[in-house]
Amino acid sequence: MKLNISLKKLSYILFISLLLGFTHNFISPKGIPLVKEEIILGSFTDDDLNNVGANGLDYSKIKAIDLENAFKLFNNGVKFVDVRDQWDFADGHVSGAVNLPEVEFNTKHEALSKLSKDEPLILYCSSDDCGLSTKVAIELMKLGYQYLYVFEEGWEIWLESDYPVEVGGEL
């Protein structure tokens with residue numbers, strides 16, 4: 001049986017398929033953005049470091065944090081949240097970190113019970129080209145978490161700096 005489809009018919013089918021796909025993506029609440037949304041984080045300052053205490057940090061915006069300040073806050077007992085998958089987490093993570101994988105994130109995830117909405121949290125993923133920690137920080141902010149920091153340099157630079165790490169954990 002020979003398939004005889006003209007170029008005109010094929011173009012029509014392709015056009016209709018694209019139109020239906022874009023229409024569905026546009027009206028779907030979980031549609032994929034056609035243009036990457038740029039997210040601009042606030043800057044971490046020395047004032048933030050001085051405000052760590054029992055009452056947490058008094059800011060409502062997500063802030064980017066560098067390795068030096070992340071380590072200072074680590075030494076002050078601030079909790080780290082690893083948003084990489086459970087296998088990467090088990091291979092190694094910041095000592096004491098909680099695993100909240102971006103791919104599994106939902107409002108009922110059991111890791112959320114380990115996090116207080118009133119404590120500062122430092123979220124990280126693999127490296128500075130990984131945007132998962134920012135995505136999770138935004139979701140946590142929507143849930144009412146107030147003091148969120150994104151350690152953009154991530155796990156790889158933490159490990160290279162020979163800072164405290166643990167192996168194993170939730171699987």
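In percent, rounded to a whole number, the relative contact order of region 68-171 is 34, using alpha-carbon pairs under 8 Å and six or more apart.
A Förster distance of 45 Å, applied to the separation of the beta-carbon atoms of Ile16 and Lys61, puts the FRET efficiency at 0.55. List the residues, sorted by chain then number, that are 5 or more residues from Phe80 or on another chain and whose placed amide H is less than 5 Å from its amide H. Amide H neighbours of Phe80, under 5 Å, 5+ apart: Val98, Ile122.
Excluding same-chain neighbours fewer than eight residues apart, the lysines reachable from Lys135 by a Cα-Cα span under 27 Å are Lys30, Lys36, Lys61, Lys63, Lys72, Lys79, Lys108, Lys114, Lys117. Let me know the shape class of region 87-171, please: from the alpha-carbon gyration tensor, a ≥ b ≥ c as square roots of the eigenvalues, rounded when a/c is under 1.5, otherwise prolate if a/b is greater than b/c, or oblate. Prolate is the answer for region 87-171, as a/c is 1.5 or above and a/b outweighs b/c.
Peptides 9-16, 26-33, 63-70, 126-133 ranked from most to least packed give 63-70, 126-133, 9-16, 26-33, packing being the mean of other C-beta atoms within 10 angstrom over each peptide's residues.
Coordinate-derived values only; no laboratory data. Predicted model, so just to flag it, every value in this text is computed and none were measured. Every residue, glycine among them, receives a Cβ derived from its backbone with ideal geometry; neighbour counts consider all protein chains shown.
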